[in-house]
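Before any comments, here is the structure.
The values are calculated or read from the model by the stated rules, or taken from the named source; none is laboratory data. Because the structure is predicted, anything quoted here is derived from the model rather than measured. Here the Cβ positions follow ideal geometry from the backbone for every residue, glycine too, while neighbour counts run over all protein chains shown. To get the accessible areas, we keep the full protein, side chains included, count just its heavy atoms, and leave off ligands, DNA and RNA. Shrake-Rupley method; radii C 1.70, N 1.55, O 1.52, S 1.80 Å.
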Amino acid sequence: MKLRHLHPSLKSLVQHSHGRKWMSYEELNTSIPDEMVHPTKIDQLLVLLDSLSIELINYQDRRIRNGDQFYAPLHTNLKFKRDNPFMTFGLKNGEELIQEQAQQESEDGEAESANTSAAPGHDGGDGLLDESEREAAIEEVSTKRIDDPIRMYLTQMGTIPLLTREEEIRLAKKIETTRMIFRRKVLESDYAAMQAVEILQQVHNGDLPFDRTMRISTAEENAKEKIASRIPVNIATVQRLLKRNELDWEQLEGTRVDKATTAEICRTMNMRRRKMATLLEECCLRTAKIQPLLRKIQSINRKIAELGRELERVRKHPERYHPEDREVMEEELRGLRSLVLERPGDLQERTVHMERVFNE
């Protein structure tokens, strides 16, 4: 994916983010067009952002970063009444829109009041409570004992404002895009890919129920049969890619290689990881089956960090530790590194990215 091929709204966001070196998920969800909310295109976009050294961050983290916030109207093919940009993004130029809107509502209200007061048989009221009366009524009900749970539920729900149409679309789009990014971030880990292959193999062998393990699209005809036929082929390819990454990892760990060779091997391994994630996504594992893989990677990352700190203390104070204890810790650390096929710093960075998009 090239920058010039992007939709104008997304292209403007990428150019703006390139200068400040970060992009929030909220900005991405707003600017990305509907046709790009697809696993393959999301992957291509992530590769482009990585090549431009653009970091995806949480919406709240933007406050501690340098650079102005990017604003663009929600880009979607759906037609609906747009929200006020000041209410959504806090734009300064939105204050004028609010004042104009309030003035217009005031004029409309005066005209309606004049019409209703002139109408025969009308007492001038619409039968609705104003804000102060509504709050007083809620407070009066809440102070009384309510034995009816349905009435209590409806009373409490009446205090929560409904989402606007634009807020609904924003949230739906955010869920879709961040879920795709989360799944891919996890499945690009060699350890997670191995675990996913085991789950798919169990489904193929009939040891796990197909419907509870796989995502099946009701809109696609014969979706279950297509996924079932795809599983054994994709599993075999992913296993071959995993084996190649293991061989490259042994080369990195076992021999001394220069920085250029190391960078090339790491680049090749990352390309295979993206390919594995794509093949596993085609098999449509449920997100509920991928979330536990994140927790396992977090546990391995914590254990590697703990061993690293312990070995650092051993190097500083060798007289306090038995040589066999040191050998055991080093052997355990090598085993964990060979399990994830990543160095501690790379694993830590990957885990942070996965946690960030999961929380988003």
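Which residues in segment 238-256 have a backbone N closer than 15 Å to a point placed 7 Å from the Cα of Gln201 along the Cα-to-Cβ line? Flagged as within label range: 238-244. Between Glu246 and Lys259, the modelled label-to-label distance comes to 3.2 nm, taking each label 7 Å out from Cα in the direction of the beta carbon. Partner lysines whose Cα lies under 23 Å from the Cα of Lys79, excluding those fewer than 8 positions away in the same chain, are identified as Lys11, Lys173, Lys174.
Carbon and sulfur: what percent of segment 255-318's accessible surface (1.4 Å probe)?
Numbers: 1860 of 3640 Å².
Answer for segment 255-318 is 51 percent, counting heavy atoms of protein chains only.
May I ask you to list the trypsin sites (Lys or Arg not before Pro) in segment 237-322 that are in a DSSP loop and have at most 15 other Cβ atoms within 10 Å of their Cβ?
Working: sites: Arg240, Lys243, Arg244, Arg256, Lys259, Arg267, Arg272, Arg273, Arg274, Lys275, Arg286, Lys289, Arg295, Lys296, Arg302, Lys303, Arg309, Arg313, Arg315, Lys316, Arg320; in loops: Arg256, Arg286.
Sparse-neighbourhood loop trypsin sites (Lys or Arg not before Pro): Arg256, Arg286.
The gain in end-to-end length when the Gln298 to Ala72 segment is fully stretched comes to 77.8 nm, 0.36 nm per residue minus the alpha carbon separation.
Taking label points 7 Å from Cα along the Cα-to-Cβ direction, Ser338 and Phe358 give a separation of 2.7 nm. Model label points for Ala219 and Leu154, set 7 angstrom from Cα along the Cα-to-Cβ axis, are 3.6 nm apart. In whole Å, how far is the Cα centre of segment 1-54 from that of segment 250-304? Between the Cα centres of segment 1-54 and segment 250-304 lies a distance of 23 Å.
So how much slack lies between Glu310 and Arg267, counting 0.36 nm per residue of separation and subtracting their Cα-Cα distance, in nm? Write down the numbers at each step before the final one.
On the way: separation 43, 0.36 × 43 = 15.48 nm, distance 3.06 nm.
Difference between extended and current length: 12.4 nm.
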